[in-house]
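**Q** I have a structure I would like to understand better, so I am pasting it below and will then ask my questions one at a time.
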Amino acid sequence: MNFKGQVYEASFVEYIVINICKFSEIGLNVVAKGPYASKNSSKHITTGFYCDSKGSILYNSNKISLAEFDCIVIGESEVFIYECTLSNTPTSVSKLRTEGYRKITLLEKLFPHKKVTCIVVSNELNMITEFKNMDGFDGLLYTMPLVDLPNLAKESKLGKIANNNKMTSTVSLNNDMVIFDYIQEFNAINLSLLRYSSFASIRERLLSYNGLFPRFYWGKLRAIYLGEDFTKVRSDYVIVAINFSNINSPVIRYYFLENKSNKVYECSKPDKALNKMKSSRAEIIKINDKIPEKTIAELEILKREILE
């Protein structure tokens, strides 16, 4: 997000804080973030919600970062997440829709007895109208404040503001949520998908999770069979994954787990080491021994199925 977008998001959070009494009157609590977050909320958490050093609300599952939230408002039976945007291009609409459904699915797992709604905050009326007509979404028109951005960028500093008693902490979210082990659930899903015979069936099953589990590890091939692009792979096998992050255009990705280590790389030029916080790294380490060996002929069939 660029600086202007950060200012827009921060301004909207201030707007929420100013109107906090309206939320509390109907039994809703605003989750503190940024300068309102307590020291307790700022501690890195292995599994749960917390605020990072920049004050953003994050959710981790077993050290894996799964989501960031611009703003959360929660009550006994409802959760509202707010996603702020200054863009209104078709690409941004698609991205917001995809991310929104993924976050809704995650929160439905964490708070199974609450209704989850994603509210898109924008200064563009057509953007608001677009999301008001989507299941699980709503839209809120909020105008970008008039500020001197260059001057603000020079003078802005991180700080703390006293939390009022109508705000709740990320710690309270953790006390209320159901424990969700992303890697364990991913493992069960991937193993079940290995029994599916067609790409279409795999795609349909994964899409039902709304992007929460975006990858399927289809198989692994001996690196020596894959040609010149894979001659520098430091592993006997290359892992073949199908990435569904773009639901309309799934793509094949290649990875390898380095011999005699837990380092995972995506095959590219040059090979790219996966960060320890990335879910794909944890997925590969978990599933590696269970991924079946495939042939070049089977890979060619998979490629054709994806293109159909």
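The values are calculated or read from the model by the stated rules, or taken from the named source; none is laboratory data. Please read these numbers as outputs of a predicted model, since none were measured by experiment. Here Cβ is always computed from backbone atoms with ideal geometry, including for glycine, and neighbour counts include all displayed protein chains. For the accessible areas, the whole protein counts, side chains as well, though only heavy atoms, and no ligand, DNA or RNA atoms are used. Shrake-Rupley method; radii C 1.70, N 1.55, O 1.52, S 1.80 Å.
**Q** To the nearest 500 deg cm²/dmol, what mean residue ellipticity at 222 nm is calculated for the chain from DSSP H runs of n ≥ 4 alone, each contributing -39,500 (n - 2.57), summed and divided by the residues?
**A** -10500 deg cm²/dmol
**Q** Suppose each label sits 7 Å from its Cα in the direction of the beta carbon; what would the residue 66-residue 236 distance come out to in nanometres?
**A** So the two model labels end up 3.4 nm from each other.
**Q** At 1.4 Å probe radius, can you tell me the per residue accessible area of the chain in Å²?
**A** For the chain, the solvent-accessible area averages 54 Å² per residue.
**Q** Hey, what's the Cα Rg ratio for the stretch 1-81 versus the globular rule of thumb, 2.2 N^0.38 Å?
**A** 1.12
**Q** Could you pull out every whole DSSP H run in the chain that spans at least 18 Å of Cα extent along its own axis and averages 0.0 or higher on the Kyte-Doolittle scale?
**A** Span-like helices here: 3-18.
**Q** Identify which of 280, 65, 198 has the largest mean-square fluctuation in a Gaussian network model of the chain, with springs joining Cα atoms closer than 10 Å.
**A** Top of the fluctuation ranking is 198.
**Q** Relative to a virtual label point 7 Å from the Cα of residue 197 in the Cα→beta-carbon direction, which members of the stretch 214-244 show backbone nitrogen distances below 11 Å?
**A** Hits in the stretch 214-244 for residue 197 at 11 Å: none.
**Q** Please turn the phi angles of the stretch 173-180 into ³J(HN,Hα) values with the Karplus equation 6.51 cos²θ - 1.76 cosθ + 1.60 (θ = phi - 60°), one per residue in order, whole Hz, x for glycine and proline.
**A** Karplus-based 3J(HN,Hα) across the stretch 173-180 equals 5, 5, 6, 9, 8, 8, 5, 10 Hz.
**Q** Rg and Dmax of the chain, using alpha carbons, in Å: what are they?
**A** So, for the chain, Rg and Dmax equal 21.8, 66 Å respectively.
**Q** Check each of the trypsin sites (Lys or Arg not before Pro) in the stretch 251-308 and keep only those in coil by DSSP with at most 10 other C-beta atoms within 10 angstrom; list them in order.
**A** Counting only loop positions with at most 10 other Cβ atoms within 10 Å, the trypsin sites (Lys or Arg not before Pro) in the stretch 251-308 are 260.
**Q** Once fully extended, how much extra length lies between residue 77 and residue 14, figured as 0.36 nm per residue of separation less the alpha-carbon to alpha-carbon distance?
**A** So the chain would gain 20.2 nm between residue 77 and residue 14.
**Q** With a sphere of radius 13 Å drawn around the Cβ of residue 256, what net charge do the other residues whose Cβ falls strictly inside it have (Lys, Arg +1; Asp, Glu -1)?
**A** With Lys, Arg at +1 and Asp, Glu at -1, the neighbours total +4.
**Q** Another question, then. Under a straight-distance cross-link criterion of Cα-Cα below 21 Å, which lysines are reachable from residue 278, leaving out those fewer than 8 residues away in the same chain?
**A** Straight-distance partners of residue 278: 43, 54, 63, 95, 103, 109, 220, 260, 263, 269, 286, 290.
**Q** May I ask for the net charge around residue 100, where only other residues with Cβ less than 12 Å from the Cβ of residue 100 are counted and Lys, Arg are +1 while Asp, Glu are -1?
**A** -2
**Q** Express in nm, to one decimal, how much length is gained between residue 123 and residue 249 on full extension, taking 0.36 nm for each residue of separation and deducting their alpha carbon distance.
**A** Working it through step by step, the gained length comes to 42.4 nm.
**Q** Follow-up. Grab the alpha carbons of the stretch 154-308, take their convex hull, and tell me the volume per residue in Å³.
**A** It comes to 203 Å³ per residue, whole-number rounded.
**Q** Taking amide H positions as placed 1.01 Å from N in the peptide plane, with prolines and chain starts having none, which residues 5 or more places from residue 219, or on another chain, fall under 5 Å of its amide H?
**A** The list, which skips near neighbours in sequence, is 240.
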